[in-house]
Structure formats: C-alpha cells, structure tokens
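Structure first, then comments.
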C-alpha cells in the first residue's frame, strides 16, 4: 500500500469567514460588510482598515465599537476516479461521490477603541483575524477513501488465490469523518500622528495567537463474508494481521485528535493624505513568522504499517510552518457631495508565495493574491445611511497547490447594508455580504502520477466548490 499524507490541518486553512487572502479575515467591521472598500475610512473602523486616517476622525476623545458577525459556508469536493478497464478496483471501473463540508461560525466578535486628540491618536483592536469557525466533512474526503480502496486492492494481491481475487470496495465499508476548528486571534495596538493638516502616519503591531483542533478518521471494515474468509485464512496460516483485519481493527484504520497552537507578531505601518474631499491611503503589514506546535490529545493511529507516514505531522511536539503573509493595502476615496455621497476604490496584494506553508505549498502558487474592491456610501439624511460594494479575489491557484485537504476558489463578493444614527453619539451598523466562487477543476491523469499520488496510478478528477454568507450588526459609540 502506498503511503499517503494525512494533512487535515491544511483543510482548516480554508474555513475562515474571510473576505481577504488565503489566511486573512478582512471583514472585521460591519461597515466593511455593507461597503467592502473601507481603505480610505476616517471612522472608527479605520483602526483596522486605515489606521493613519484616524487623525481625521470628526470626534476628539474616546470612540468604541463592538461588532458581531455570523458566517455560514460550505466546502464541497466532487470526485470522479477511473481505473484501467479490467482492473476491477471499482464497479464499472468508476468511483464517483460528492463530499460535502459545512463551516459555521455563529458568533465572530471584534472590538475597536480609539482615543483622539487634535494631533495624535492611540488605538486598539481585537478580533478573529484568521480562521473563525468549524468545518465538518461527515463522510470524510475522497483522497483518503480512494487511497484506502487502492491500497487495499494492491495489498491483498497475495491473498487472491484464497479469496478468488484481490479485495474490492464492494467487500467492505468505508467510514470517514473530518472535523476542524481554527481561530487566529489578533490584538492590535498602534499610534497615529498628524504631521500636517493634510498628512498623517501610523505605526503599530498586531499580536496573533493561533488555536486549532483537528479530529478525523478513516476506517475500512470487512463485510461478514470477507471477514469470515480473512479470519479462516489467518487462523490456517497463523497470520495475526489477517485475523485483525477481520475484526474491529478493520482492513485499514487511520485516526487523529490533536490541538495546535502558535503565535507571532505583525508590524504595521500606514499613511494617509486628505485634501478637499480626496483621501489617498496605504497600509503595509509585514510577514508574520508563525510556527504551529502539535499537542496530540490522543495517540494517532495508523493501520496497516504502510499508513504510518500519515500520522507523522500529528505526533506530539511536531512543528509546522504557517506564516501569515505580508499585505499591501492602497485606497483612494472621494466625497462627491460633502457629508453626503462618497466612494472608494481599493487594491490589496497578499504575498502568499513568500509565506512558508507546510510542505512548501506556497511555492506552488502562480502568484500572490490580488484583490480589487469598490464601494459607495450615501447619507440619506442625518439619521440614515445606505451603502454597497463589491470585491474580486484572484489567488493565483494551480493544480499542484489544490488538494482535498486545502483548496481555494477565486471569487467575487457583494456587500450591502446601512447605518442608523440613534443619537449624536451612537451609530448602529447592519451589513450582509455573500461570495460567489468559481469552481476549480483539477484533472489528474494516470500517466502524470495519478489521482492525488495514490498507488496504483489511476485517473481522477476533483471539482472544488464553495459558498459563503455573512451577516453582522455593530454599535459605534462616542464619548
């Protein structure tokens, strides 16, 4: 049986309630949900989106903001695996199944605070800057099912004289399950200074703490007829492994249950220029070196011996690189009607190729992530504001980067919502955005290494698809 890589942790990289790059949640404030492009903001959400712009807030003293979001996502893999005619691995030489994953983050909070004087501002932020929920594949993943089926077929070739042929999938049942939880908590602190009536700058940092848990298994259990044959052969030949295969241990069994933690610091710089309704702003977040250490809650299991490499990443104390990439944000905003109508266009670049990932997967990307955003906001009167925006995300994906355990899909998002000034000091924000993803089709031919590298080399296709819906509400308070 060919060794397989059981990289469940990579699966959870894809569960974030994100509107940003591969490892970022940029939707931290409800104003983002309802407008998308907030890189030229001078309101409290600028603590995250445009910290240098805080120097141009319209309120001296304290401003606080509390935001709650709920995210609902799906992650699906539609797998089709073919085998050479006559091999007999699958019925009609074809295996097809759609594996559905659900990710839910019912409560994602974020908290903002800023204290402003005429010349300087000190500000802070806390939120879930990456990850943000749980993802569950109740039926496991096709990579592992196909590996167990192919490995069992090839590994049982020596038993063919006793069984009438190798063991095929119709002679046993596969039970698979994958669940993951991941949060990157970010706490930010920084200082903004107004150098000139038109120009300000920002310097700060964000402390990031990674917390995750991954639990999963794949079990192949012989049907009664096959179990009887295996036990009889094992007892006749004195082969204990065959007797084990007939019992609760099953034909194949891989399982894990582990926690992972890590931390890192992100330095942040920002600049803002404002003149006659025009705002030009930029923010740069440096790369965050982040190593994740494994804490096995249960000793990982891998049977038979050929699958031992599958559990290596989950043994106690193993470290895995998971850097947060550097990011450049640039934005231009303009007030077409002062205190009434404004719009912003924005560009983000995430340098994913130079942020270390497990197995150097980052080097398989064609380029870093490019994002384009645009948004418009209209104050109907002193009480009500409405807004809408859009975002386009291009990850630079490649077949070598994409896998069952870690995949992304290029997308565009639409956000809309509004704000209500409940009083001169209190603003209520409500927003909703959804993301439409482009399906990614990965074709793997036998002559090019086969389906996910399993043996024997067989042809297969995975189609990756996703959905994302996020709703949120928040309160801004000045005092």
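Residue check, residue 159 against (1) modelled with pLDDT of 85 or more; (2) surrounded by fewer than 21 Cβ atoms within 10 Å (Cβ to Cβ); (3) more than 32 Å from the chain's Cα centre (by Cα), all met but one. Which one?
(1)
Can you report the number of residues in region 422-479 which are surrounded by 15 or more Cβ atoms within 10 Å (Cβ to Cβ) and at positive phi?
Number of matching residues: 3.
Here are the criteria: (1) modelled with pLDDT of 80 or more; (2) part of a loop (DSSP other than H, G, I, E, B). Tell me which single one residue 2 does not satisfy.
That leaves (1) as the condition not met.
If a residue must be more than 23 Å from the chain's Cα centre (by Cα) and at pLDDT 90 or above, how many such residues does region 445-479 contain? Let's see the steps before the verdict.
Looking only at region 445-479, we keep the residues that are more than 23 Å from the chain's Cα centre (by Cα), and these are 445-451, 453-460, 474-479.
This time we only want the ones that are at pLDDT 90 or above, so: 474-479.
Within region 445-479, residues that are more than 23 Å from the chain's Cα centre (by Cα) and at pLDDT 90 or above number 6.
Being assigned to a strand (DSSP E or B) and in contact (Cβ under 8 Å) with a residue 40 or more places away in the chain narrows it down to one of 436, 467, so name that one.
Working: 436 fails: in contact (Cβ under 8 Å) with a residue 40 or more places away in the chain.
That would be 467, the only listed residue that is assigned to a strand (DSSP E or B) and in contact (Cβ under 8 Å) with a residue 40 or more places away in the chain.
Could you grab me the full set of residues in region 102-118 that are closer than 30 Å to residue 78 by Cα, surrounded by fewer than 24 Cβ atoms within 10 Å (Cβ to Cβ) and touching a residue at least 60 places away in the same chain (Cβ under 8 Å)? If you could, list the steps in order and put the result at the bottom.
Start the filter on region 102-118 by keeping residues that are closer than 30 Å to residue 78 by Cα, which leaves 102-108.
Filter once more, so that each one left must be surrounded by fewer than 24 Cβ atoms within 10 Å (Cβ to Cβ): 102, 104-108.
The answer is 105, 108.
Here is a list of conditions, (1) in contact with a strand residue (DSSP E or B) (Cβ under 9 Å, 6 or more places away or on another chain); (2) in a loop (DSSP other than H, G, I, E, B); (3) modelled with pLDDT under 85, and residue 10 meets all of them except one; can you say which number that is?
Every condition holds for residue 10 apart from (2).
Got at least one residue in region 135-150 being closer than 30 Å to residue 31 by Cβ and surrounded by 15 or more Cβ atoms within 10 Å (Cβ to Cβ)? Can you show your working first?
Taking region 135-150 first, the residues closer than 30 Å to residue 31 by Cβ are 135.
Then drop every residue that is not surrounded by 15 or more Cβ atoms within 10 Å (Cβ to Cβ), which leaves 135.
Yes: one or more hits.
Consider residue 166 carefully, then state whether it is part of a loop (DSSP other than H, G, I, E, B) and either under 30 Å from residue 229 (Cα atoms) or in contact (Cβ under 8 Å) with a residue 12 or more places away in the chain (or both). Quick ask: steps written out before the conclusion?
Numbers: part of a loop (DSSP other than H, G, I, E, B): yes; either under 30 Å from residue 229 (Cα atoms) or in contact (Cβ under 8 Å) with a residue 12 or more places away in the chain (or both): yes.
It is true that residue 166 is part of a loop (DSSP other than H, G, I, E, B) and either under 30 Å from residue 229 (Cα atoms) or in contact (Cβ under 8 Å) with a residue 12 or more places away in the chain (or both).
Would you call residue 184 surrounded by 23 or more Cβ atoms within 10 Å (Cβ to Cβ), touching a strand residue (DSSP E or B) at 6+ places or on another chain (Cβ under 9 Å), touching a residue at least 12 places away in the same chain (Cβ under 8 Å) and part of a loop (DSSP other than H, G, I, E, B)? It would help to see each step written out before you state the result.
On the way: surrounded by 23 or more Cβ atoms within 10 Å (Cβ to Cβ): yes; touching a strand residue (DSSP E or B) at 6+ places or on another chain (Cβ under 9 Å): yes; touching a residue at least 12 places away in the same chain (Cβ under 8 Å): yes; part of a loop (DSSP other than H, G, I, E, B): no.
Judged against the criteria, residue 184 is not a match.
Could you say which residue among 121, 128 is assigned to a strand (DSSP E or B), more than 19 Å from the chain's Cα centre (by Cα) and buried (at least 21 other Cβ atoms within 10 Å of the Cβ)?
121
Which condition number in (1) in contact (Cβ under 8 Å) with a residue 40 or more places away in the chain; (2) touching a helix residue (DSSP H, G or I) at 6+ places or on another chain (Cβ under 6 Å) is the one that residue 231 fails?
The single condition residue 231 does not satisfy is (1).
In region 29-74, what residues are touching a helix residue (DSSP H, G or I) at 6+ places or on another chain (Cβ under 6 Å) and either assigned to a strand (DSSP E or B) or within 30 Å of residue 149 (Cβ to Cβ) (or both)? It would help to see each step written out before you state the result.
Here is the first cut: in region 29-74, the ones touching a helix residue (DSSP H, G or I) at 6+ places or on another chain (Cβ under 6 Å) are 38-39, 41-42, 45-46, 53-54, 67.
Passing the criteria: only 67.
The values are calculated or read from the model by the stated rules, or taken from the named source; none is laboratory data. Keep in mind that what you see is a predicted model, and the values were worked out from it rather than measured. In this analysis, Cβ positions are derived from the backbone assuming ideal geometry, glycine residues included, and neighbour counts consider all displayed protein chains.
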